[in-house]
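Below is one structure, written out as structure tokens, with a few remarks after it.
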Amino acid sequence: MEQLVVRLGANPNDAIHWIVWSSQQDEIIASGELPDASHLDTLSDRAGGRPISTLVPTSDILLKWVSLPAKAGRKAIAAIPFMLEEEISGDISQQFFALGPKVGLQQAVAIVNKEKLKTWLDIINGAGLACHQMLPDVLALPYDQEAWSILELGEQLLVRQDSWSGLQGEAEWLTQAIQHQARQLAKKSAETLNIKNYSGLDLTEFENITNISAPLEMPMKVLAEGASHSQFNLLQGEFKVKNQSNGNWKKWRLAAALAVIALFTSLIDKTLELNKIESQVASLKTQIDSEYKRAFPNAGAYRNLKTTMQQKMKALEQGGGGSSILVMLSELRPAFAASNVKPQTMRFDSKRAELRLQAVANNFESLDKFKRQAEAQGFVVEQGSINQKDNQVIGTLSIRS
């Protein structure tokens, strides 16, 4: 499943990080950073029909565990705000309490100011986007029972301390807070603080800290993967997402697709019966099957040739304004040949006339050479993430005609 993950700042003027990520293929489709919330509407095309997860700063959210009485019912759950009243500054009626997981008699609760929550939703909705999940950013970090998890995102540092607590703030002062915690731990138990480092942050000079290096990934990819696995959602109760109409549309869409398939099947059967040309059909089928295998040698078996051919041709020939994947690949052939860049996976967006591909090259210069060659031919090329594996470089590219 593909999803758009957006990480909002504490204020509308803060930078916004975003990523479009496929969990099934573990692939970054696109990513970037916006200067502030006023540019969020530029992601409407990126969103498409994908679900949208919004990460919000944990510094604006209080994560707490509440001890419930045995056999706690609805009345005990409803009394949670009053149990936490002394720990909350301000009127509890202005706070929103979202329930998290329950472990034994311990109930996890996230507390956020209602106006703050409304502001985040207004920013998302005002940009023409629809938020399906809202999550405190530190809860999107991987959870390790034996260590804290840290991730550097721009000038911010995210720290997950356990299953339901964490810190988020400017990296400069938050690293000092981590070192203080490590010293306090050493005084109490003479143990070291284990930290699983998902960023390039240098912890070698920190006292009483054991640095556990995690695989270096794009920070937003780490958060997108964590958000996809999280069952928690701040949007509960009065803020719960209403998606009933979307569910009805999916049911009708399936019924319409089945009706079209049934109609085509019926028409084909009637035509064969009326014309009584079974022998000719068998001969033609043999010829068509031979041509199909010649055109698509790796396609494998099929059930309905007509439907399969229509899908194959639409996939190859779709496009707007005369643009298609076949034309683009033909025009890009000199760029591939000159740079020795080879595509691994390709995806074509017909509405945007955009070809998205993951390509492999011998080195970074080859990818850059391909980009310059393609741009010289009139294409617009956006370069995404680049990783080095073995002796090759793997990068993602978006190419528009």
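So, of the residues in the range 142-198 that are among the charged types (D, E, K, R) and assigned to a strand (DSSP E or B), which turns out to be nearest to the chain's Cα centre (by Cα)? Ranking the candidates gives Glu152 first.
Just one of the listed residues (Leu43, Leu62) is surrounded by 20 or more Cβ atoms within 10 Å (Cβ to Cβ) and at pLDDT 90 or above, and it is Leu43. Per the listing Ser290, Ser228, the residue uniquely surrounded by 12 or more Cβ atoms within 10 Å (Cβ to Cβ), at pLDDT 70 or above and small (Gly, Ala, Ser) is Ser228. Say whether the condition of being in the same structural domain as Asp60 (by TED's automatic domain parsing) and part of a loop (DSSP other than H, G, I, E, B) is met by at least one residue in the range 131-139. The answer is yes; a qualifying residue exists. For the range 110-123, check the following and say yes or no: at least one residue is among the β-branched types (Val, Ile, Thr), on the phi < 0 side of the Ramachandran plot and part of a strand (DSSP E or B). Yes: one or more hits.
The rows are residues; the columns are (1) of a type in the set (A, V, I, L, M, F, W, C); (2) in contact with a helix residue (DSSP H, G or I) (Cβ under 6 Å, 6 or more places away or on another chain); (3) on the phi > 0 side of the Ramachandran plot; (4) outside the structural domain of Arg46 (by TED's automatic domain parsing).
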position	(1), (2), (3), (4)
Pro334	no, no, no, yes
Ala337	yes, no, no, yes
Met346	yes, no, no, yes
Asp349	no, no, no, yes
Arg352	no, no, no, yes
Leu355	yes, yes, no, yes
Ala374	yes, yes, no, yes
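For Leu68, indicate whether it is touching a helix residue (DSSP H, G or I) at 6+ places or on another chain (Cβ under 7 Å), crowded, with 20+ Cβ neighbours inside 10 Å and hydrophobic (A, V, I, L, M, F, W, C). Against the criterion (touching a helix residue (DSSP H, G or I) at 6+ places or on another chain (Cβ under 7 Å), crowded, with 20+ Cβ neighbours inside 10 Å and hydrophobic (A, V, I, L, M, F, W, C)), Leu68 does not qualify. Screening the range 1-40 for residues that are of a type in the set (Val, Ile, Thr) and in contact with a Phe, Trp or Tyr (Cβ under 8 Å, 6 or more places away or on another chain) and picking the one that is nearest to Ala127 (Cα to Cα) gives Val6.
Among the numbered conditions (1) at pLDDT below 90; (2) over 22 Å from the mean Cα position of the chain (by Cα); (3) on the phi > 0 side of the Ramachandran plot; (4) not β-branched (Val, Ile, Thr), the only one that Ala76 does not meet is (3).
Exactly one residue out of Leu216, Leu201 is among the hydrophobic types (A, V, I, L, M, F, W, C) and either surrounded by 15 or more Cβ atoms within 10 Å (Cβ to Cβ) or in a helix (DSSP H, G or I) (or both): that is Leu201. Test Ile195 against the stated conditions and say whether it is out of contact with any Pro (no Cβ under 9 Å at 6 or more places or on another chain), under 22 Å from Ser53 (Cα atoms), outside the structural domain of Ala30 (by TED's automatic domain parsing) and surrounded by 16 or more Cβ atoms within 10 Å (Cβ to Cβ). So Ile195 fails the test. With respect to Val222, determine if the residue is of a type in the set (A, V, I, L, M), over 30 Å from Lys187 (Cα atoms), modelled with pLDDT of 70 or more and touching a Phe, Trp or Tyr at 6+ places or on another chain (Cβ under 7 Å). Against the criterion (of a type in the set (A, V, I, L, M), over 30 Å from Lys187 (Cα atoms), modelled with pLDDT of 70 or more and touching a Phe, Trp or Tyr at 6+ places or on another chain (Cβ under 7 Å)), Val222 qualifies. Evaluating Pro51 against the criteria (1) over 27 Å from the mean Cα position of the chain (by Cα); (2) farther than 26 Å from Glu170 by Cα leaves one unmet condition, (1). Considering the range 81-104, and only residues there that are surrounded by 14 or more Cβ atoms within 10 Å (Cβ to Cβ) and assigned to a loop (DSSP other than H, G, I, E, B), the residue that is modelled with the lowest pLDDT turns out to be Ile88. The strands (runs of 3 or more DSSP E) falling completely within the range 330-401 that include 3 or more residues that are within 23 Å of Val20 (Cα to Cα) and of a type in the set (A, V, I, L, M) map to 354-361, 380-389, 392-400. The set of residues from the range 265-286 being more than 17 Å from Asn304 (Cβ to Cβ) and either in contact with a strand residue (DSSP E or B) (Cβ under 6 Å, 6 or more places away or on another chain) or modelled with pLDDT of 75 or more (or both) comprises just one member, Glu273. One residue stands out among those in the range 308-347 that are at pLDDT 85 or above and within 26 Å of the chain's Cα centre (by Cα): the one that is nearest to Glu365 (Cα to Cα), which is Lys342. Please tell me if Leu254 is at pLDDT 75 or above and either not charged (D, E, K, R) or not assigned by TED's automatic domain parsing to the domain that holds Ser163 (or both). In short, no.
The values are calculated or read from the model by the stated rules, or taken from the named source; none is laboratory data. What you see is a predicted model, and the numbers here were worked out from it, not measured in a lab. When we count neighbours, we look across all protein chains shown, and the Cβ atoms used for this are built from the backbone with ideal geometry, even at glycine.
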